[in-house]
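Since the structure comes first, as structure tokens, the remarks are kept for the end.
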Amino acid sequence: MISGILAHVDAGKTTLSEGILYTAGASRSLGRVDHGDTTMDSHDLERSRGITIFTGEAAFSYGGRQWFLLDTPGHVDFSAEMERTLSVLDVCILVLSGSAGVQPHTRTLWRLLSLYEIPTFIFVTKMDYARYTESELMGKITEELSDACVSFSGDRETRDDLIAMTDEEAMREYLAEGQVSDAVIRDMIKRRVLFPVYFGSGLRLTGIKEFLDGLNTYTEEPLYPERFSARVYKITHDDDGNPIAHLKVTGGVLKPRASLTINGAEAKVSQLRRYTGARYTPVDSASKGELVAAAGLPGLSAGSLLNAEGAVNPPVLEPCMRYSILLPEGVSPLEALPKFRELEKEDPSLHLTWNSYLKEIQAGLMGEVQAEVLKSLIMERFGISVEIGRGHVLYKETVRGVSEGVGHYEPLRHYAEVHVLLRPLPRGSGLKFDSEVSTDELDRNWQNLILTHLQEKEHLGVLTGSPLTDTRITLVAGAASLKHTEGGDFRQATYRAVRNGLMNVESVLLEPYYRFRLDLPGTVVSRAMNDIRAMHGTFIPPIYGEKYTVLSGRAPVTGLMHYAREVAAYSSGEGRLLLEADGYDLCHNPEEVIREFCYRPEEDLENSPDSVFCAHGAGFFVRWSDVRKYMHLASSLTEKEIPEAPVRQAASSRRPATDKELEALLEKEFGPIRRRQYGTAAETRTYGDTKVPEEKKKVLIVDGYNVIFAWEDLRELSETDIEAARNRLAHLLANYSAFTGAECTLVFDGYRVPGNRGEQYDMDGVRIVFTKERETGDLYIERMIQGLPKGTEARVVTSDGIIQLSALRKGVLRMSSQEFEREMDEADNAISDLLRRERRTGHETIGEILKKELDRLKASGESKEGKKDGS
């Protein structure tokens with residue numbers, strides 16, 4: 001019998017697990033979280049942080065029955081790890097803290113248990129110093145979870161009376177016999193119409209024996225088939241990097257040396273292990289209903305099925321944040337990403353991707369705690385010291401209306417055509433795949449292959465490149481060639497068909513939402529209501545109490561993710577914000593988000609909507625909007641049903657050209673590059689007959705507040721909105737950086753901000769730095785100047801005498817805020833002149849205009865430097 005322990009963070013779940021193992025005789029000592037010696041939290045990261053990060057497992061015997069216990073993470077950042085265990089549970093133990101009662105995450109767990117239909121027992125621990133009585137806690141439990149929750153810690157007569165009130169069969173037996181039998185109670189628990197509640201303390205070992213007796217009495221073993229099958233719920237790796245598959249045997253028997261088919265390849269079980277925490281013992285077999293860890297089975301991931309049919313349901317709790325993984329210098333993404341894939345097999349919710357547009361590895365994470373743990377795991381496992389970039393909300397996309405997508409792949413000696421129908425589904429449905437094609441039109445093996453390709457890929461939307469969701473994708477037509485079709489042809493045709501369908505239908509941007517509860521003093525409720533409206537949230541009328549007012553509702557994650565700090569500030573520490581994930585819904589500011597992403601679907605070559613056709617012995621590309629003119633199969637839609645394709649315009653923002661792109665432009669205009677083959681690195685490059693000097697690295701460091709209060713327009717703006725002034729300055733610097741090629745760092749002083757931990761992030765190519773509490777901007781800039789490598793052409797923009805003195809010592813050029821304002825104006829005028837001349841002299845090439853402009857600016861700059869030296 002497999003039981004899992006679930007709870008909100010710090011409810012006492014791991015302590016209760018230790019108490020159960022100790023009471024059942026499975027452990028000789030009672031481990032404690034604060035002592036770092038628990039059986040279940042065996043990883044160094046868990047013991048150092050005092051929280052459960054990975055699901056721990058243990059086996060014990062009680063009352064003549066074999067039990068398996070799974071201790072799951074309680075922190076919301078590791079909810080995906082917890083949810084993966086639900087698929088293998090026979091019964092759940094939901095733990096509440098007597099000092100906290102029902103929490104928002106408790107309600108999330110309750111909904112999950114209902115969705116997975118798992119019989120549930122409730123244990124309220126920490127009753128040795130609870131804030132509420134048993135009666136008060138039962139009132140909260142029945143009010144917030146279910147009125148079918150009944151206390152089993154009281155006398156039987158009272159208990160049976162309450163049980164009879166929840167079920168007709170129980171009522172008939174109670175009226176006839178005067179009590180409710182154990183068999184009826186077992187059946188009610190199995191049908192989830194009764195939830196026993198026990199009270200005690202995991203640390204003091206009170207109430208645990210009574211709870212184990214009840215667990216043993218009121219549960220029964222499920223029935224399993226004789227044919228072997230299994231479900232993988234966790235993947236780990238041994239010290240040599242070999243995968244260990246932790247699974248539940250859902251039928252038959254598994255033995256060492258057993259041969260299994262995994263992804264079409266044969267694999268043999270090299271060893272079976274039974275774990276208790278980090279320790280394990282080899283076993284000779286695992287029978288149906290048991291947990292076991294199998295070595296020697298590569299290619300599996302959490303959620304995989306062995307010798308079993310059925311779809312793996314998509315997880316309910318998914319990351320709503322996306323983080324970039326920044327590699328250290330000298331580590332190639334091509335080397336790092338395959339290693340990181342091992343972690344993705346252990347935690348599929350990571351959704352590791354290579355963003356070819358931003359040239360970075362990205363991961364889906366629940367929050368900052370998980371980000372810190374991922375960073376530690378990468379260092380521990382692979383010896384790579386990565387940084388986790390600033391997180392951003394993970395948007396999703398869906399379709400509005402019906403669309404047919406056509407994908408054709410026919411380079412020479414290849415052939416495949418696929419037609420799919422895209423239709424919207426209700427919120428939270430995820431992606432669904434099916435086929436309406438007759439086997440007379442396309443063989444079943446080809447249809448299965450197409451469905452496999454549909455399921456294996458994370459399909460991206462065309463608005464922002466975010467994952468597609470809430471869409472049914474149906475195969476409606478397909479064609480193959482007996483002579484030329486290969487399996488990979490259908491992969492290409494399938495991917496292109498989905499993308500083609502998205503380009504031909506209106507798409508909708510979705511964002512994640514939180515359901516919130518605010519407990520506030522009555523004096524600040526109006527402030528909170530205005531804040532929620534401003535973040536495009538909704539709420540029900542507040543409930544006024546004697547001391548606190550409760551405001552509940554729903555709002556976008558973007559507005560609530562950092563709102564707890566504001567609540568603490570304006571309520572003087574008395575307010576409390578409780579959040580729980582509430583799925584995805586329409587984005588409140590889609591135009592702004594789409595403009596910020598600046599995603600161009602036609603330039604995403606890894607997700608092309610175009611098709612490849614063949615003519616005169618050669619393949620040629622056909623743009624997505626013209627594919628219907630060339631397709632070989634008839635459309636599944638009538639002319640009236642075919643929607644008009646939305647207008648796809650290029651985003652207004654422009655991505656700066658890379659060094660390679662600029663080099664290609666110069667080579668095109670002036671001829672091939674000639675580089676020296678011997679000796680030291682050349683100081684010039686030659687394009688045709690033109691020599692262009694190698695430029696030094698340019699660095700510009702700007703004292704943000706000094707510039708804002710020195711420039712009249714920024715100073716006036718700062719008097720009403722300091723954040724707008726900062727953003728305006730950053731925008732101006734981004735334009736300047738793109739025109740001059742200088743690396744810009746904008747530093748803002750956070751010295752006097754209490755509790756400020758500092759922050760750094762990139763904004764349109766400009767590095768934004770907010771110094772931490774008690775760290776002046778002067779000190780940060782001085783350290784940055786000292787750390788500049790030799791040969792760097794650096795300038796510091798400030799009117800602060802101390803910073804100018806530090807720059808002078810280092811030999812760095814100084815410029816006052818007023819001088820820099822004039823230079824910014826000159827740069828803007830130069831850009832405008834360049835554009836006017838380009839429009840006026842249409843016969844000149846871009847290279848000629850650029851060359852003339854660079855020569856003019858260089859001459860002007862030398863003249864100014866001469867004047868400065870003379871002065």
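Quick notes on this one:
- Within the option set Val399, Val406, being touching a residue at least 40 places away in the same chain (Cβ under 8 Å), hydrophobic (A, V, I, L, M, F, W, C), open to solvent by less than 50 Å² (accessible area, probe 1.4 Å) and farther than 13 Å from Phe490 by Cα holds for one residue only, Val399.
- Among residues of region 45-65 that are over 18 Å from Glu81 (Cβ atoms), none has a beta-carbon under 8 Å from a residue that is modelled with pLDDT under 80 and open to solvent by 60 Å² or more (accessible area, probe 1.4 Å) at least six positions away or on a different chain.
- Residue that is modelled with the highest pLDDT, among those in region 600-610 that are buried (at least 18 other Cβ atoms within 10 Å of the Cβ) and out of contact with any strand residue (DSSP E or B) (no Cβ under 6 Å at 6 or more places or on another chain): Pro609
- Counted residues, region 143-190 - those being open to solvent by 30 Å² or more (accessible area, probe 1.4 Å), in contact with a helix residue (DSSP H, G or I) (Cβ under 8 Å, 6 or more places away or on another chain) and in contact (Cβ under 8 Å) with a residue 40 or more places away in the chain: 2
- Among the candidates Arg444, Arg413, Arg427, residue that is within 25 Å of the chain's Cα centre (by Cα), surrounded by fewer than 16 Cβ atoms within 10 Å (Cβ to Cβ) and not small (Gly, Ala, Ser): Arg427
- Some residue of region 466-480 being in contact with a strand residue (DSSP E or B) (Cβ under 7 Å, 6 or more places away or on another chain), crowded, with 17+ Cβ neighbours inside 10 Å and within 30 Å of Thr549 (Cα to Cα): no
- Residue match in region 674-697 (condition: open to solvent by less than 60 Å² (accessible area, probe 1.4 Å), touching a Ser or Thr at 6+ places or on another chain (Cβ under 7 Å) and at pLDDT 85 or above): no
- Among the conditions (1) open to solvent by 10 Å² or more (accessible area, probe 1.4 Å); (2) under 29 Å from Ala568 (Cβ atoms), Gly777 misses just one, which is (1).
- Some residue of region 540-550 being free of Cβ contacts under 8 Å to residues at least 24 places away in the same chain, surrounded by fewer than 22 Cβ atoms within 10 Å (Cβ to Cβ), in contact with a Ser or Thr (Cβ under 9 Å, 6 or more places away or on another chain) and β-branched (Val, Ile, Thr): yes
- For first residues located in region 760-788 and without any contact (Cβ under 8 Å) to a residue 40 or more places away in the chain, partners that are among the polar types (S, T, N, Q) and assigned to a loop (DSSP other than H, G, I, E, B) and lie 6+ apart or on another chain with Cβ distances below 6 Å form the pairs Lys772/Asn756; Glu773/Asn756; Tyr780/Thr771.
- Leading residue by the ranking (farthest from the chain's Cα centre (by Cα)) among those in region 15-32 that are β-branched (Val, Ile, Thr) and open to solvent by 10 Å² or more (accessible area, probe 1.4 Å): Thr23
- Conditions (1) open to solvent by 30 Å² or more (accessible area, probe 1.4 Å); (2) in contact with a Leu (Cβ under 7 Å, 6 or more places away or on another chain): number failed by Cys320: (1)
- Flag if Ala634 is surrounded by fewer than 18 Cβ atoms within 10 Å (Cβ to Cβ) and either of a type in the set (Phe, Trp, Tyr) or more than 19 Å from Gly465 (Cα to Cα) (or both): yes
- Subset of region 266-316 [part of a loop (DSSP other than H, G, I, E, B), out of contact with any Lys or Arg (no Cβ under 6 Å at 6 or more places or on another chain) and among the aliphatic types (A, V, I, L, M)]: Val269, Ala278, Leu297, Leu300, Ala308, Ala311, Val312, Val316
- Checking each residue in region 701-751 for being assigned to a strand (DSSP E or B) and buried (at least 17 other Cβ atoms within 10 Å of the Cβ) picks out Ile701, Val702, Asp703, Cys744, Thr745, Leu746, Val747, Phe748.
- Exclusive hit being basic (Lys, Arg) and either free of Cβ contacts under 8 Å to residues at least 40 places away in the same chain or touching a Lys or Arg at 6+ places or on another chain (Cβ under 6 Å) (or both), set Lys126, Lys140: Lys140
- When residues of region 351-369 are limited to those that are of a type outside the set (A, V, I, L, M, F, W, C) and farther than 13 Å from Leu394 by Cβ, the one most open to solvent (accessible area, probe 1.4 Å): Lys359
- Residue ID - nearest to Asp187 (Cα to Cα), chosen from residues in region 227-252 that are without any contact (Cβ under 8 Å) to a residue 40 or more places away in the chain and open to solvent by 10 Å² or more (accessible area, probe 1.4 Å): Asp239
- Apart from one condition, Val766 fits all of (1) in contact with a Cys (Cβ under 6 Å, 6 or more places away or on another chain); (2) modelled with pLDDT under 75; the exception is (2).
- Within region 482-532, the residues that satisfy the criterion of being open to solvent by 30 Å² or more (accessible area, probe 1.4 Å), in contact (Cβ under 8 Å) with a residue 60 or more places away in the chain and within 25 Å of Pro590 (Cβ to Cβ) are Glu506, Tyr514, Arg515.
- Hits in region 450-462 - residues which are in contact with a helix residue (DSSP H, G or I) (Cβ under 7 Å, 6 or more places away or on another chain) and either surrounded by fewer than 19 Cβ atoms within 10 Å (Cβ to Cβ) or part of a loop (DSSP other than H, G, I, E, B) (or both): Lys457, His459, Gly461, Val462
- Residue in region 486-495 that is β-branched (Val, Ile, Thr), at pLDDT below 95, under 31 Å from the mean Cα position of the chain (by Cα) and under 30 Å from Val612 (Cα atoms) present: no
The values are calculated or read from the model by the stated rules, or taken from the named source; none is laboratory data. Bear in mind that the values here come from a model prediction, so they are computed numbers and not experimental data. Positions of Cβ are generated from backbone atoms using ideal geometry, with glycine treated the same way; all protein chains shown enter the neighbour counts. To get the accessible areas, we keep the full protein, side chains included, count just its heavy atoms, and leave off ligands, DNA and RNA. Shrake-Rupley method; radii C 1.70, N 1.55, O 1.52, S 1.80 Å.
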